[in-house]
Each structure stands twice: as structure tokens, then as C-alpha cells.
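The values are calculated or read from the model by the stated rules, or taken from the named source; none is laboratory data. All values reported here derive from a predicted model rather than from experimental measurement. Virtual Cβ from ideal backbone geometry, glycine too; neighbours counted across all protein chains shown. Quick note on the areas: whole protein, heavy atoms, side chains included, nothing else; ligands and nucleic acids left out. Shrake-Rupley method; radii C 1.70, N 1.55, O 1.52, S 1.80 Å.
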Amino acid sequence: MIMTISRRRFIRSASALGALTAYPGSVLAQGSAGRPLDILILGGTGFIGPHEINYARSRGHNVTMFNRGRTAPGMFPGIETLIGDRNGELDALKGREWDAVIDNSGFYPRHARLTAELLHGHVDQYMFVSSISAYGDGLSVGQDEFSAPYAVMDDPADESESPYGPTYGARKALCEQEITKVFGDKAINIRPGIITGVGDPTERLRHWLVRMVAGNEILVPGQEDLPVQYIDAQDMTAWMVRMLEDGGSGPYNAVGAEEPYRARPLLEGIRDAVDSPSTLTWVDWNWIRDEVSRVPSYAPWYGQGPIPFMQINNDRALASGLTFRPIAATASDMIANLSDGAADNLRAGFDLETEAALLEKWHAQAASR
Ligand SMILES: NC(=O)c1ccc[n+]([C@@H]2O[C@H](COP(=O)([O-])OP(=O)(O)OC[C@H]3O[C@@H](n4cnc5c(N)ncnc54)[C@H](OP(=O)(O)O)[C@@H]3O)[C@@H](O)[C@H]2O)c1
């Protein structure tokens, strides 16, 4: 039977946990910067851009955005918005000066080179939002920014793929190199892992939260002990803005928390923190694959053995001031911002009927073992 708990009760519980764990409530308004900066944000209206803008403004900085005007137009009526396209339509950036740029929208090396060359001499620091996908398949557990291998692609000039297509990581690596060629030690390359938090369009954490709000039994595939790294967009963007204030240089892995979470304690901890009556049932991934002809996406929860992309070294980011709120606070914020009908719009995982049938069979087999 599916039980439902009220969202209000769920949120109240999550907030209570936050108090116990010294949740600061918000990373906003934690003080102002010594000197207000003029910051250009390339791509301010997607997922992480609004977090950057809100934090930068709360620190007293002036923000200008540059984008095509397609994503969430009108989101920030009080902010100067320059319209153009990374694909060569950059006139709106000409003849202007900023202290720093944050580049959220660089996906092709040519685009990165064009903005870096145009802004050089007009902007002091160039912060590029890259990705841990810039690392290649040879990555091993615990590698840092300088020991990990870069992803590569056959033709670096190939722009035939969509931004997040298969060569995404190799293109991010090439973008970093283009920007560093132009800006030298004034280039800052942020390499995030899985970013989550309010506005996260993916279900990498939201899936579990929506299911916990519903309150029924939840099938969790794969390894209970799997190390996983999540970073809250608020934590990451606040640290990025503070780094522009203090100065930074080179690459930084942006992954959380201090140590990777473990799958089971992470999900059960969130479940308990938010007082959800859900039970979480871990089901062997190979058993699932034998039971169904097509397995849905559950990234990053399944797999065999360690996943190096979930155990990246973050010492450099920690040393430069990256801090993390409790993950229960992230979960609480996300639940408070769930859209109506969120449960009906899940795309990851099995549909509820299939999941219930699998769970029934799994329990029956466990009972007969
Ligand atoms: N989400 C994650 O877990 C994750 C992990 C690692 C790295 N990252 C990196 O983080 C960055 C930001 O991610 P996000 O999820 O916030 O991005 P997003 O939601 O896709 O937002 C992209 C922003 O860039 C603008 N934009 C896109 N294409 C453009 C173009 N050709 N010219 C000008 N503006 C353009 C968009 O506005 P318009 O559409 O109006 O142009 C929007 O404001 C990306 O570089 C991504 O690779 C994300």
C-alpha cells in the first residue's frame, strides 16, 4: 500500500535536522566582499547561473549576464542582460570591462577561444566551469587535478555533437586549455562532479526525495556501500564567487562532501532526517538485469566495484575555502521547492507498478533462501 506523508510535515522535519546539524539556513548574506566586483556571467539563467547571481549580489557585486535569451528570459529583471551567442555573436561583449568572468556556457573549444581572446585585457580573471568529465577513462580512485588523465577526442574541431553529447568531457578539457593559453595563471578551471540542489533538472538526488515524500517502499539498485559525491549548487557557487574575491588559479575539483558519502547511509540518513516512513530495499543489480529486458537509468547508483568518477580528490578545493552544508539541508531545500506533480513526472527508475512487482519477487526469493 502506498502511504503519503504531507509535504509540510516532511519539510518541518528536515528543518529540525538542519538545526541540529548547524545548518546555516542559507549561504546568502554571510557578509559582504571587501571590494565590489564587476562580474560577467556567461549563461546566468540555467541551473547554476542563478545561484551564482544570487550569491554574488548578496556579497555586493555587480553582475552582467550574457546569453541567447532562450532560457528563462525575464528571470532577473534587475540585471543587465547582454544578448548574443557563443557561436560567434559576441558584439555585445565588445568595448566593456569587468573584473571577472564566470563561463557557464562553454562547451566547444572554439567558443572558449573566442570569448577568451575577446575578453583578454578587459577582464582580470577568467573562471571556466568545466567538469570532472574532462578526465578520461583511465581515471583511478582518489586522483587529483594534476595526476588524472584528460579525456581526448579524435577531432578536436568537431562540433557536430550537442553540448552534452559523448565528447562532452574531451571538449571541456580542450576548452580549459584554450582559456589557460590566453589567461595563464588568471585562468580558473572549476571541475564539478554531480551538482545538485534547488533547480537541479536531473533526478540524481531528486528521484529519491520525491519517492521519500510519497512514503512507500523504494527499490534501490546496486551497491549499498557505493561511495558517491554530490555538491550543492549553493555551496559550489558561493565558493566560486569568494574565490574571485580572494584570487585563485588553475584547476579545482568541485566535489563533495569532505569524504564521499556512502549510498546506504546517505539515503537512509536523508530518509530519517526528513521523517519519511519509506523503507529502502537494496536489490542486486545483476538480479534486476536478469528479471527485466530493459533497465532504466538509475545513475549513479548501480554498477560493480568502485566508480572513480565518484571518488575524486577535493583537497585543493577544500584548501581554497570550499565548505558544505549538511546534505539533509540540501534535501530539505529541494523538497520545499518540488513542483506540484513531481511524483508523476519521474523519468529515472522503474514505473511504480513494475517496481512493486520486482520488490514482491525479491522479498519472496529472500524468504525462501
Ligand atoms: N549540472 C551538473 O551536474 C554539472 C556538472 C559538471 C559541470 N557542469 C557544467 O556547469 C555549467 C552550467 O551548467 P547548467 O546546468 O547551469 O547549464 P544550463 O542550465 O544548460 O544553462 C546554460 C546557460 O548558458 C546559456 N547558453 C547556453 N548556450 C549558449 C550559447 N550558445 N550562447 C550564449 N549563451 C548560452 C543559457 O541561456 P540561453 O539558453 O538563453 O542562451 C543558460 O543561461 C555547464 O558548463 C556544465 O557543463 C554541470
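Exactly one residue out of 86, 96 is within 13 Å of the ligand (Cβ to nearest atom) and touching a His at 6+ places or on another chain (Cβ under 8 Å): that is 86. With a requirement of 1 or more residues that are at pLDDT 95 or above and either in contact with a Leu (Cβ under 8 Å, 6 or more places away or on another chain) or of a type in the set (Val, Ile, Thr) (or both), the helices (runs of 4 or more DSSP H) lying completely within region 299-369 that satisfy it span 327-336, 352-368. Candidates 242, 206: the one that is among the basic types (Lys, Arg) and more than 14 Å from the chain's Cα centre (by Cα) is 242.
Scanning region 278-294 finds no residues that are within 19 Å of residue 196 (Cα to Cα) and either in a loop (DSSP other than H, G, I, E, B) or modelled with pLDDT under 90 (or both).
Screening residue 231 with (1) more than 22 Å from residue 258 (Cβ to Cβ); (2) within 21 Å of the chain's Cα centre (by Cα) gives one miss only, at (1).
Tell me yes or no: at least one residue of region 345-357 is among the hydroxyl-bearing types (Ser, Thr, Tyr) and surrounded by 12 or more Cβ atoms within 10 Å (Cβ to Cβ). Yes, region 345-357 has at least one match. Under the condition of being within 11 Å of the ligand (Cβ to nearest atom) and closer than 23 Å to residue 193 by Cβ, the residues counted in region 112-126 number 1.
Within region 317-339, is there a residue that is over 19 Å from residue 259 (Cβ atoms), without any contact (Cβ under 8 Å) to a residue 24 or more places away in the chain and open to solvent by 30 Å² or more (accessible area, probe 1.4 Å)? So far as region 317-339 goes, yes, one or more of its residues are over 19 Å from residue 259 (Cβ atoms), without any contact (Cβ under 8 Å) to a residue 24 or more places away in the chain and open to solvent by 30 Å² or more (accessible area, probe 1.4 Å).
The requirement of being more than 28 Å from residue 255 (Cβ to Cβ) and either at pLDDT 95 or above or near the ligand (Cβ under 9 Å from one of its atoms) (or both) is not satisfied by residue 59. If you go through region 71-93 and keep only what is assigned to a strand (DSSP E or B) and within 25 Å of the chain's Cα centre (by Cα), you end up with 81, 85. Selection over region 239-251 of residues that are in contact with an Asp or Glu (Cβ under 9 Å, 6 or more places away or on another chain) and either aromatic (Phe, Trp, Tyr) or surrounded by 19 or more Cβ atoms within 10 Å (Cβ to Cβ) (or both) gives a count of 4. Within the option set 130, 162, being under 15 Å from the mean Cα position of the chain (by Cα) and small (Gly, Ala, Ser) holds for one residue only, 130.
Restricting the first member to region 184-209 and to residues that are farther than 15 Å from residue 51 by Cα and in contact (Cβ under 8 Å) with a residue 12 or more places away in the chain, and the second to residues that are open to solvent by 40 Å² or more (accessible area, probe 1.4 Å) and β-branched (Val, Ile, Thr), the beta-carbon pairs closer than 8 Å and six or more apart or on different chains are 187/180; 189/180. The residues in region 136-163 that are touching a residue at least 24 places away in the same chain (Cβ under 8 Å) and either of a type in the set (Ser, Thr, Tyr) or within 13 Å of the ligand (Cβ to nearest atom) (or both) can be counted, and the count is 3.
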